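The values are calculated or read from the model by the stated rules, or taken from the named source; none is laboratory data. Being a predicted model, the structure only gives us computed values, none of them experimental. No Cβ is skipped: glycine too gets one built from the backbone with ideal geometry, and neighbour counts run over all protein chains shown. Remember, those area values only see protein heavy atoms, side chains included, never the ligands or the DNA or RNA. Shrake-Rupley method; radii C 1.70, N 1.55, O 1.52, S 1.80 Å.
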Amino acid sequence: MTTIPKSDTPPPLPLLLLGRLLPRAEREEVLSDVRAEYATMAKNLGVAQANSWLWQQAVGSAPSLMKWSSWRSISGFEPRANNYSPGGPMLKNVFADIRYAARRLLARPSYSLLAIVTLALGIGGTAAVYGVARPLMFDALPFANEKDVVTFSFSGSWTEQEFAYLRGKIPGYRLAGTYRPNDVTLREGDAPARMLPSISMSSELFDVLGARPMLGNNLKAGDDAVGADPVAILSYGLWRELGANPSIVGTRITLDGQPRTVVGVMPRGFWYPTPRVRVWLPQPINPEGQNGSYTLVARIAPGEDINNMTARSHQLEKILKERFTYSHDWDKTVNLQAQPVREYLLGDLRPAIAATFVAMGLILLIACTNVAALMLGQVEGRASELAVRAALGASRRRLTQPLIVEALLIGVVAGTVGALLAAAGFGTLVRALPLGAWSESASFDWTLFVAAMLFSMVAMLLVVLIPSSSLFRRDHANLQGVLSNARTGGVRGGGVRIERGLVIAEVALAMLIASGAALLVRSVTNLYAIDPGIDTRGVAVIDAVVSGDVKPEARDAAFNEILLTLSRFPGVQSTALAMRIPLRGNSNSFAITIEGAEQLERSTTFFRAVSADYFKTMGMKLKSGRLFIQDEKSDSGEVAVVINELLAQKYFSGQDPIGRRIGGGFHLPQRIIGVVNDVTEGALLDGKKPARYFLNSQFWFMSGVSFVVKTNRPRDAEALLDPARASINRIAPSFAVQRTTTMERVFDGAVGPARQIMLLLTILSGLALLLGAVGIYGVISHFATRRKRDWAIRVALGLTSQRVVTNIVGQGATLIIAGVVVGAALTMLFSKMLASLLFGVTGLDPLAFLGASAAVLTAGLIAAFVPARRAGTVDPAIVLREQ
């Protein structure tokens, strides 16, 4: 080492800086050279020049040394062309495994692509369904008192009179409120009116829910009194559409032609009773009002149990019985129930979303099983390599760590692709599910990507357990045995058993999904076989809301002009209107009395207000008497009425009802002029009920109307919708077109969520069969490859290729049949999940099981035949030469 004179000693600070940055192994050697160089410069150029040089070296070298030190501490690697001692062996191994796994995946594109695409489909679908299910099934409802609020049965049939009587005295409840649908129109300038979904409610409703406005206040006591000043509470979305004025409270907005004072704006994300509602209005509560269209909700009193309110419901039944008399169909004094508000609002959606979520989860499990089988095949193919590494001292952790890294690398890529698939398919999934008004609450956000990555990582950690367990179970130290098996094409039994078990699991899961789809196919087929009593083909439907300020005379004139205009469209056979059309799931009813008959038990029937050509347009048949004529006049204080066959049978059994007079619903007698066939006026599964039809010009109230147009061909009805909307907007700007559709789509909606879930599960079952076929193909291919030497010898000794194919396919068939049996057992176990979606079939329907079994077996045998055929046509001489 060079000795430096004391007078030439460099300053300590730059040396200290270099010493901190230099690696420990080379620190003294480098600093010694720096000191020697400093001494030389100090002697020849002077101390000042030497100090300047030293500081330049220390400061100039700092960035490079810091970068080098940071890289080594993070990665465990030394930079290229550097012989310094590595610092972190664990991270170095991880980075090495990542590079090794990436090279292996790139070297096997078929395996890599299959694993990634398989997982991405399962991950993307599961993440997308989670994005739909989260706000509906897992997130809290957007009001504070969710856990204390109930909805009473007979929803949509309570009256103002009942509510006024019960107000403040429902036993077990601190507060009650009521509401009914009441869509209104909003017109801005000369633009056509637009419909705003809204509800009319009592002043207590938001206090029952625990909902507070973002701006302004809730309704106050007296806002729902008859004659009170009209006010409104706006949704956040409507407030934004109107300009998002923070001073909007106290201003006026015109709804249905009536100015209303805005008293509040609800916060973002609030909804009740559905996300479609845009405005909430006070309903003037008439203590004698008989309009039975309200829903009753209440908040339980402190100390009460929301899940055990039966005794309180019995007390309420007694209170109602003391004051009111009910018909048999609408008797609230029998079996009155209080249902938690969440179950009431979302109950019909839960089975559909749960079934879809479970199906996607099964797809993800099948995908994981597929990838596990693929990785297991890779491990088996590397048996000799792993045995050599074990014999050379590799620990089990070092043998399994590359598999874990490879699996997680696949998971990261599959999660990213799956998140992109979820983003791309989210809108399609929302439309495919039977969400209806709830589709607005399903929103795509960043949590979908987080969910996709979480599903991906969990899936891959489960996947890697299978091949890892295979490694831990095998004694790789037995080098001679492993190499012998690899050389002769043999394989240890543990790996084969695991691989076959995975295939059976795949087939069982595919069978479970296919069986569920088959059950729904059978159910939906039965639903479509129901005769609704009308001809749904080629009928266009345009629903409109009539502004409340339109006078009856102007309304009827607009109706006539619209019908005349629509009748002139090409391909139109007839046009009509009705206050409500069949199969929509709700109905209006009047009490009924029969002139000259004995006192009837209090009873009600459906009623409809229709135009003269309604029966012709809807394909209904006249059974006796006559139908309405265009200028039907009421004589001697009577109104004409047409009844259906069920009403005639129930109240005029064995008699001719034509010319008889009935009462109820009008203050005038109703003369029966005709009888028509029965129609499913309410929900499809409610069946056909007694009904009567009045001419629309006889009705003073018609806030909503449906125009129906019969066309020559079904596709003409679809093409008619947009021109019809435009014509109504032009003729009657005060009418707000609510929606346009066709009667065939109305029938589809009446079939219910089972139809949409059937389509979705059918697609998913096809995907499950495809993934299951891929798994079967992989296992049978591995089986054929392992025994190719054995097959070659047998073929050389005279075994036919057909026998080889039969033998290999038989191996696959055994696994498939075992999977089908297990899947059938699982279907029986989980069929209750679909019970609410089934009609006319049970969870043990034999035709559904046979259809699903045939589909799974066919897909599996085709997948097994491909590698079997390839193995049966290989030249044995080539195989034996390779061995």
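Which whole-number value in Å² is the accessible area per residue of the chain, probe 1.4 Å?
46 Å²
Suppose every K and R has +1 on its Cβ and every D and E has -1 on its Cβ; what is the size of the dipole of region 756-883 about the Cα centre, in Debye to the nearest 20?
460 debye
Charges only on Cβ, +1 for Lys and Arg, -1 for Asp and Glu: so what's the dipole of the chain about the Cα centre, in debye to the nearest 20?
In debye, rounded to 20, the chain gives about 3400.
If I take R0 = 30 Å and measure r between the Cβ atoms of Arg389 and Leu770 in this structure, what FRET efficiency does the formula 1/(1 + (r/R0)^6) give, to the nearest 0.05?
Computed FRET efficiency for Arg389 and Leu770: 0.25.
How do Leu771, Leu799 stack up against each other in accessible area, from largest to smallest, with a 1.4 angstrom probe?
Leu799, Leu771
Is region 646-778 best put as rounded, prolate or oblate by its Cα gyration tensor, with a ≥ b ≥ c the root eigenvalues, rounded for a/c under 1.5, and otherwise prolate when a/b is larger than b/c, oblate when not?
Values: a/c = 3.41, a/b = 1.69, b/c = 2.02.
Oblate is the answer for region 646-778, as a/c is 1.5 or above yet b/c matches or exceeds a/b.
At a 1.4 Å probe radius, carbon and sulfur cover how many percent of the accessible area of the chain?
On the way: 23230 of 40900 Å².
Whole-percent figure for carbon plus sulfur exposure: 57.
Between region 197-270 and region 834-868, what's the alpha-carbon centroid distance in Å?
For region 197-270 versus region 834-868, the Cα centre distance is 54 Å.
Can you list the residues, at least 5 places off or on another chain, whose amide H is less than 5 Å from the amide H of Leu196, using H built in the peptide plane?
Those lying under 5 Å, H to H, from Leu196 are Val184, Thr185, Leu186.
Just the Kirkwood number for region 105-236, please: inverse of mean 1/r across all distinct Cα pairs, in Å, one decimal.
Final number for the Kirkwood radius of region 105-236 is 19.6 Å.
Explain nothing, just the number: dipole magnitude of region 709-764 about its Cα centre with +1 on each Lys and Arg Cβ and -1 on each Asp and Glu Cβ, in debye rounded to the nearest 20. All intermediate terms of the calculation are to be shown ahead of the outcome.
Numbers: 8 positive and 5 negative charges, 22 e Å.
Once rounded to the nearest 20, the dipole reads 100 debye.
Considering only protein heavy atoms, with the full assembly of protein chains and a 1.4 angstrom probe, order Phe607, Phe590 by accessible area, largest first.
Phe590, Phe607
Got a sec? Charge dipole of region 523-575, +1 on Cβ for Lys and Arg, -1 for Asp and Glu; which of Ala557, Val572, Asn526 is way out at the positive end?
Of Ala557, Val572, Asn526, it is Val572.
May I ask you to derive the FRET efficiency for Met137 and Asp722 from their Cβ-Cβ distance with R0 = 35 Å, giving the value to the nearest 0.05? Spell out each step's value before the answer.
Values: r = 36 Å, r/R0 = 1.04.
Working from the Cβ atoms, E equals 0.45.
With a 1.4 Å probe and all protein chains kept in place, how much accessible area does Asp183 have, in Å² rounded to the nearest 10?
So the heavy atoms of Asp183 present about 50 Å² to solvent.
Quote to one decimal, in nm, the extra length available between Leu31 and Thr274 on full extension: 0.36 nm per residue of separation minus the C-alpha distance between them. Mind showing how you got there, number by number?
Working: separation 243, 0.36 × 243 = 87.48 nm, distance 7.62 nm.
Gain in length upon complete extension: 79.9 nm.
Taking percent of Cα pairs over 41 Å apart as the quantity of interest, determine which of (i) 37; (ii) 56; (iii) 40 was computed from the displayed structure.
Calculated percent of Cα pairs over 41 Å apart: the matching label is (ii).
Relative to the longest principal axis of the chain, what angle (0 to 90°, nearest 10) does the C-alpha long axis of helix 552-567 take?
Helix 552-567 and the main axis of the chain meet at about 60 degrees.
Report the one residue of Ile662, Phe652, Tyr614 whose Cα lies farthest in the direction of the positive end of the charge dipole of region 605-665 (charges on C-beta: Lys and Arg +1, Asp and Glu -1; origin at the Cα centre).
Checked the options; the winner is Phe652.
Please list, in order, the residues from region 117-161 whose amide nitrogen is less than 17 Å from a point placed 7 Å along the Cα→Cβ vector of Ala432.
Residues 118-134 qualify, since their backbone N sits under 17 Å from the label point.
Within the set of other residues whose C-beta is less than 13 Å from the C-beta of Glu343, count the net charge using Lys and Arg as +1 and Asp and Glu as -1.
So the surrounding residues net to +1.
Against the longest principal axis of the chain, how steep is helix 846-872, in degrees 0 to 90 to the nearest 10, with axes from Cα atoms?
Once rounded, one gets 30 degrees.
Contact order normalised by length for region 668-750, with contacts defined as Cα pairs under 8 Å and 6 or more residues apart; what percent is it?
On the way: 30 pairs, mean separation 15.0, N = 83.
Over region 668-750, the number comes to 18 percent.
Return the long-range amide H neighbours of Gly843 (sequence gap of 5 or more, or a different chain), with a cut-off of under 5 Å between placed amide H atoms.
For Gly843, no residues qualify.
Once the other residues with Cβ under 12 Å from the Cβ of Ala648 are scored (Lys, Arg +1; Asp, Glu -1), what is the net sum?
Spelling it out: positives minus negatives among the neighbours equals +1.
Return the calculated 222 nm mean residue ellipticity for the chain, to the nearest 500 deg cm²/dmol, obtained by summing -39500 (n - 2.57) across DSSP H runs with n ≥ 4 and dividing by the residue count.
Taking each H run of at least 4 residues, the total per residue is -17500 deg cm²/dmol.
If contacts are Cα pairs under 8 angstrom and at least 6 residues apart, what is the relative contact order of the chain in percent?
The value is 15 percent.
Using only Cα atoms and rounding to the nearest 10 degrees, what angle (0 to 90) does helix 47-75 make with the longest principal axis of the chain?
Relative to the chain, helix 47-75 is tipped by roughly 60 degrees.
Along region 160-172, what does the Karplus equation 6.51 cos²θ - 1.76 cosθ + 1.60 (θ = phi - 60°) give for ³J(HN,Hα), rounded to whole Hz, x for Gly and Pro?
Going residue by residue, I get 4, 4, 5, 5, 4, 6, 7, 4, x, 9, 7, x, x Hz, with x marking Gly and Pro.
What does the accessible area of Asp531 come to, in Å² to the nearest 10, when a probe of 1.4 Å is used?
Taking all protein chains as shown, Asp531 has close to 100 Å².
So for Val265, Val572, Val358, what's the accessible-area order with a 1.4 Å probe, most first?
Sorted by accessible area, descending: Val358, Val572, Val265.
Using the charge dipole of region 664-793 (Lys, Arg: +1 at Cβ; Asp, Glu: -1 at Cβ; taken about the Cα centre), state which of Leu685, Phe699, Ala732 has its Cα farthest towards the positive end.
Value computed over the given set: Leu685.
Rolling a 1.4 angstrom probe over the protein chains, ignoring ligands and nucleic acids, what is the accessible area of Arg555 in square angstrom, nearest 10?
About 10 Å², ignoring ligands and nucleic acids.
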